[in-house]
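Take a look at the structure set out below.
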Ligand SMILES: [Mn+2]
């Protein structure tokens, strides 16, 4: 039987996997984890999964199985991603006759997972039950972990409303899908981050063909002046808008993670290119694994006080 390490000297934080089991196996091996009795473990380290295990990729069941077995045996932690959250909402709406439009949209987002679990319904139900137990954030002595955005005021509200800090409580899940409830605002902020409305009714068509009225923003920008100072997404803004000044109202909607706060790890943002830090105390580990990108980990050692780019480790899509 697999034992968790009795003495932990560090954590390996892993970004969005999206069903890329082959890359996950190669990354765990590169990080020094051994597979024994179908569970990956390390004598001195634990993994922290940043969420978004499912959807899009070719081997979703295998990724869930690898992550869950590590969590179950005390060899890893995992936080909830917006994709696992979508799966919970879809399941919740399943019993409801209304909400056809919302269900249709979710079915599109979840299509790869629903297809791959189609003949494994009991296993899917087990996965959903497990997703309900995933904490929305984790705080350790030396660092913090959340899928998209650390907003302390929302975290404080979450701890008060849902002491389990996960969706174990069905009432919390129910409330969270109702637009503009406190629960909804907490979940949207922590799992999807901050965004702003494009001005003048403008829209952006992303690489994925989806037309959007909003764009994702940084949550660490200090004294931003223009739209370009705060955008944080692969798709650029239309040129006239880039240099447009932010209004006082828009600035109020932004969140700023201060540079003297604990190191923070997030996923979620489809980064590209060579993995790097996004600022001195924030690392985004989502490098688009499922879109011919990289699966990225950060090796955090006991006693580390800040972040260091040399502690990023990754594997590429395709054979190396
Ligand atoms: Mn993701």
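Values computed for the structure shown
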| read-out | value |
| --- | --- |
| Candidates 77, 90, filtered to the one that is surrounded by fewer than 23 Cβ atoms within 10 Å (Cβ to Cβ), under 22 Å from residue 282 (Cα atoms) and touching a helix residue (DSSP H, G or I) at 6+ places or on another chain (Cβ under 8 Å) | 77 |
| Close pairs (8 angstrom Cβ cut-off, 6 or more residues apart or separate chains): at positive phi and buried (at least 20 other Cβ atoms within 10 Å of the Cβ) in the stretch 21-41, modelled with pLDDT under 95 and in a loop (DSSP other than H, G, I, E, B) anywhere | none |
| Within the stretch 258-295, tally of residues that are within 16 Å of the ligand (Cβ to nearest atom) and assigned to a strand (DSSP E or B) | 8 |
| Tally of residues being within 16 Å of the ligand (Cβ to nearest atom), under 23 Å from residue 141 (Cβ atoms) and part of a loop (DSSP other than H, G, I, E, B) across the stretch 1-35 | 1 |
| Test: residue in the stretch 243-265 that is within 22 Å of residue 19 (Cα to Cα) and at pLDDT 95 or above | yes |
| Test: residue in the stretch 141-150 that is in contact (Cβ under 8 Å) with a residue 12 or more places away in the chain, within 19 Å of residue 76 (Cα to Cα) and more than 18 Å from the chain's Cα centre (by Cα) | yes |
| Enumerated strands (runs of 3 or more DSSP E) restricted to the stretch 47-146, each holding at least 1 residues that are within 15 Å of the ligand (Cβ to nearest atom) | 76-78, 144-146 |
| Single residue of the stretch 296-309 satisfying the filter (crowded, with 20+ Cβ neighbours inside 10 Å and not in a loop (DSSP other than H, G, I, E, B)) that is farthest from the ligand (Cβ to nearest atom) | 300 |
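Here is a yes/no grid of residues against (1) loosely packed, with under 15 Cβ neighbours inside 10 Å; (2) at pLDDT 95 or above:
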position: 167; (1), (2): no, yes
position: 204; (1), (2): no, no
position: 218; (1), (2): no, yes
position: 222; (1), (2): yes, no
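The values are calculated or read from the model by the stated rules, or taken from the named source; none is laboratory data. Predicted model, so just to flag it, every value in this text is computed and none were measured. Don't worry about glycine lacking a Cβ; one is built from the backbone with ideal geometry, like all the others, and counts go over all protein chains shown.
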